[in-house]
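**Student:** The structure is given below, and queries will be raised subsequently.
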Amino acid sequence: MIKKILNLHEVLTCAVLVLAVTWLSGFSPGGAWAADNKAGTTIEELTPSMSYAEYHKRYEAYYGDTTARMAEEGNPADFLLDDGKDLANKVEGSKGKSCASCHGKDALKLKGAATTYPRYDAKLSGIMTFALQINTCRQKQMGAKPLKYESYDQLALTMYIKSLSNGMPIKVSIAGPAQSFFEKGKIAYYKRQGQLNFSCAICHVQYAGYKARSNLISNNKHHADHWPSYRLKWGKTGSLQRRFRGCLKNMRAKRPPQQSEILRNMELYLTYINNGDLIQVPGMRM
Amino acid sequence: MAMDRGKGRGKAGLWAAAAVIVFMIAALPLSAQAGNAKKGEKIAKTRKLGNCVACHYLPGVESPGNIGPNLVESMQEYTMADRKEVVQWIRDARKFNPGTIMPPFGTNKILTPEQIDDLVTYLYTLKK
């Protein structure tokens, strides 16, 4: 209940800001940071602390293959896959349809679909993430209710459909209208924020491979290829945007709601710089 | 005579005042060093307070981070005359390095000036 009130509060704050900013600048709505987040703002590029290979060496020296081995022995998130498949075949909503009605049995025609998300969507005039696309289909094509982000069913369905692209390289485009959203995502990723004055990039670019207390800070290559993932610290499966919000909390910064414009732009930025990485869901992390 | 005595008292008073001023000046760095090293150590090592060990080595802490320099080594380079500089590092390190990752503990009100004072007093106990 408290969570719900908080979310409502965030949504309202966001809505007011979005309206104000849209009115002031004629700019497309962008959540709580929209005002500082215009495309065209210059970014101070940071020098990566080390190559990915060197980072990976440090990772193996520090953690060994603990999570990889655990995942092989049985990733708890694997349980969601079967339920996700059932959901893909389940008829719901006013139009009497399931995902399978349009995308074939077990939605198998969606093999490869996840590789091009997030991407620009004209109707949205913004960035469509894979999770938002699935909910949009439910609403528009099926006349069904959107699944609540981070709920079991939402994660299960998204994970299952995404798993159909396992082993395929990410190939996200930022051509055309996507470009400005990509830039805004990058600005957000490099922007100093929160009481601790960190940015995502200062940790995941400039200090990747160093330890914040006992946590090895990861290089942002391979950040976007394994979500939803099971995380030991959560004891639960979660999404990339949940992880974003976790780091934002550690930064003592504002946490825009899931699928808000700013987080979708950031997801586009991060996924684009992971182009070529092979999708592998579910992942497993510390 | 009275004049003389008066003059004498005046002189003594002047000397006394001078002595007090000299003492106060001498004591100034001392009073600026007020601060509780024990409290400072707790602030440095507590996650919700300074959490300096997220980034810096400090003695007696399990798995400190390695983002910033080892503060025992750093403190060997500072003398008591540099106290203000050490305070400034913690208050807002951007003065020395605009692109620093170190949080501006004073400017962003993560710690109070008293807490920063305690911290610096603690850091000076690391000098060998």
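**Student:** Check A:GLU150: other-chain or 5+ apart residues with amide H under 5 Å from its amide H, H built from backbone geometry?
**Tutor:** Answer set, sorted by chain and number: A:LEU155.
**Student:** Using alpha-carbon pairs under 8 Å, 6+ residues apart, how would you state the relative contact order of chain A in percent? Kindly include the intermediate steps, with their values, before the conclusion.
**Tutor:** Working: 462 pairs, mean separation 72.7, N = 286.
It rounds to 25 percent for chain A.
**Student:** Now for a separate question. What distance in nm lies between label points placed 7 Å from Cα along the C-beta direction at A:LYS233 and A:TYR63?
**Tutor:** For the pair A:LYS233/A:TYR63, the computed spacing is 1.0 nm.
**Student:** On to the next question. Over region A:184-286, calculate the relative contact order: mean separation of alpha carbon pairs under 8 Å at least 6 apart, over the residue count, as a percent. Please list the in-between numbers first.
**Tutor:** Numbers: 143 pairs, mean separation 37.6, N = 103.
The value is 36 percent.
**Student:** So, one more: Given the alpha-carbon gyration tensor of region A:128-244, what are the semi-axes of its equivalent ellipsoid in whole angstrom, ordered largest first, with each equal to the square root of 5 times an eigenvalue? Walk me through the intermediate numbers first.
**Tutor:** Numbers: eigenvalues 155, 75, 43 Å².
Listed largest to smallest, the semi-axes of region A:128-244 are 28, 19, 15 Å.
**Student:** Show me the helices of chain A, taken as full DSSP H stretches, that run 24 Å or more along their long axis by Cα and average 0.5 or above in Kyte-Doolittle hydropathy. Don't skip to the end; give the middle numbers.
**Tutor:** Values: long enough: A:2-25 (34 Å, 1.40).
Once both thresholds are applied, what remains is A:2-25.
**Student:** With viscosity set to 1.002 mPa s and temperature to 20 °C, compute the Stokes-Einstein D of region B:34-85, Rh being the Kirkwood radius across alpha carbon pairs; µm²/s, no decimals.
**Tutor:** On the way: Rh = 11.8 Å.
The calculation lands on 181 µm²/s.
**Student:** Rounded to the nearest 0.05, what FRET efficiency is calculated for A:ASN275 and B:VAL61 with R0 set to 51 Å and r the Cβ-Cβ distance? All intermediate terms of the calculation are to be shown ahead of the outcome.
**Tutor:** Working: r = 40 Å, r/R0 = 0.79.
For R0 = 51 Å, the calculated efficiency reads 0.80.
**Student:** May I ask which of A:LYS123/A:LYS184; A:LYS140/A:LYS236; A:LYS148/A:LYS171; A:LYS109/A:LYS184 have a Cα-Cα span longer than 24 Å here?
**Tutor:** Numbers: A:LYS123/A:LYS184 19 Å; A:LYS140/A:LYS236 30 Å; A:LYS148/A:LYS171 27 Å; A:LYS109/A:LYS184 32 Å.
Over 24 Å apart, Cα to Cα: A:LYS140/A:LYS236; A:LYS148/A:LYS171; A:LYS109/A:LYS184.
**Student:** Per the Kirkwood definition applied to all pairs of different Cα atoms, how many angstroms is the hydrodynamic radius of region B:35-124? Display every interim value, and only then the final one.
**Tutor:** Details: mean 1/r = 0.0771 Å⁻¹.
With all distinct Cα pairs of region B:35-124 included, I get 13.0 Å.
**Student:** Okay, moving on. Taking +1 at the Cβ of each Lys and Arg and -1 at the Cβ of each Asp and Glu, which of A:ILE279, A:TYR59, A:PHE182 sits farthest along the dipole of chain A towards its positive end, judged by Cα position relative to the Cα centre?
**Tutor:** Toward the positive end, the furthest listed residue is A:PHE182.
**Student:** Dipole magnitude of region B:35-124 about its Cα centre, charges +1 at Lys/Arg Cβ and -1 at Asp/Glu Cβ only, in debye to the nearest 20?
**Tutor:** Numbers: 12 positive and 10 negative charges, 73 e Å.
Using only the charged Cβ atoms, the result is roughly 360 debye.
**Student:** With +1 on each Lys and Arg Cβ and -1 on each Asp and Glu Cβ, and nothing else charged, work out how big the dipole of chain A is about its Cα centre, in Debye to the nearest 20. Intermediate results must be reported in sequence, preceding the final value.
**Tutor:** Values: 40 positive and 23 negative charges, 128 e Å.
Using Cβ point charges on Lys, Arg, Asp and Glu, chain A gives about 620 debye.
**Student:** So, one more: Please report the orientation-averaged projected area of region A:44-160, defined via the convex hull of its C-alpha atoms, in nm².
**Tutor:** Working: hull surface 42.7 nm².
So the Cα hull casts an average projection of 10.7 nm².
**Student:** For region A:171-187 and region A:40-115, what is the separation of their Cα centres, given in Å?
**Tutor:** 21 Å
**Student:** Let me ask another. I need the calculated FRET efficiency for the pair A:SER125 and B:LYS84, taking r as the beta carbon distance and R₀ as 45 Å, to the nearest 0.05.
**Tutor:** Details: r = 53 Å, r/R0 = 1.18.
That gives a FRET efficiency of 0.25.
**Student:** Let me ask something additional. Working out 0.36 nm times the residue gap between A:SER173 and A:LYS140, then minus their Cα-Cα distance, what length gain in nm do you get to one decimal? Display every interim value, and only then the final one.
**Tutor:** Working: separation 33, 0.36 × 33 = 11.88 nm, distance 2.47 nm.
Full-extension gain reported as 9.4 nm.
**Student:** Next up: Using only protein heavy atoms and a 1.4 Å probe, how much accessible area in total is buried between A and B, to the nearest 100 Å²? Spell out each step's value before the answer.
**Tutor:** Numbers: alone 14870 and 8900 Å², together 22270 Å².
Adding both sides of the contact gives about 1500 Å².
**Student:** Label points 7 Å out from Cα along the Cβ direction at A:LYS148 and A:TYR52: separation in nm?
**Tutor:** 3.7 nm
**Student:** Check the straight Cα-Cα distances from B:LYS95 and name the lysines below 20 Å, setting aside those fewer than 8 residues away within the same chain.
**Tutor:** A:LYS191, B:LYS84, B:LYS109
**Student:** Pop out the ³J(HN,Hα) list for region B:105-119 in order, Karplus 6.51 cos²θ - 1.76 cosθ + 1.60 with θ = phi - 60°, rounded to Hz; leave Gly and Pro as x.
**Tutor:** Each residue of region B:105-119 in turn: 4, x, 4, 8, 6, 7, 10, 7, x, 5, 5, 5, 4, 4, 4 Hz.
**Student:** At a temperature of 4 °C and a viscosity of 1.567 mPa s, determine how fast chain A diffuses translationally according to Stokes-Einstein, using the Kirkwood radius over alpha-carbon pairs as Rh; express D in µm²/s, rounded to the nearest whole number. Walk me through the intermediate numbers first.
**Tutor:** Details: Rh = 19.8 Å.
This corresponds to a translational diffusion coefficient of 65 µm²/s.
**Student:** Taking amide H positions as placed 1.01 Å from N in the peptide plane, with prolines and chain starts having none, which residues 5 or more places from A:MET128, or on another chain, fall under 5 Å of its amide H?
**Tutor:** Under 5 Å from the amide H of A:MET128 lie the amide H atoms of A:ARG119, A:TYR120, A:ASP121, each far enough along the sequence or on another chain.
The values are calculated or read from the model by the stated rules, or taken from the named source; none is laboratory data. These numbers come from a predicted model, not from an experiment. Please note: Cβ atoms are built from the backbone with ideal geometry, for glycine as well, and neighbour counts cover all protein chains shown. Ligands, DNA and RNA are stripped out before the accessible areas are found, and what is left, the full protein with its side chains, is counted by its heavy atoms. Shrake-Rupley method; radii C 1.70, N 1.55, O 1.52, S 1.80 Å.
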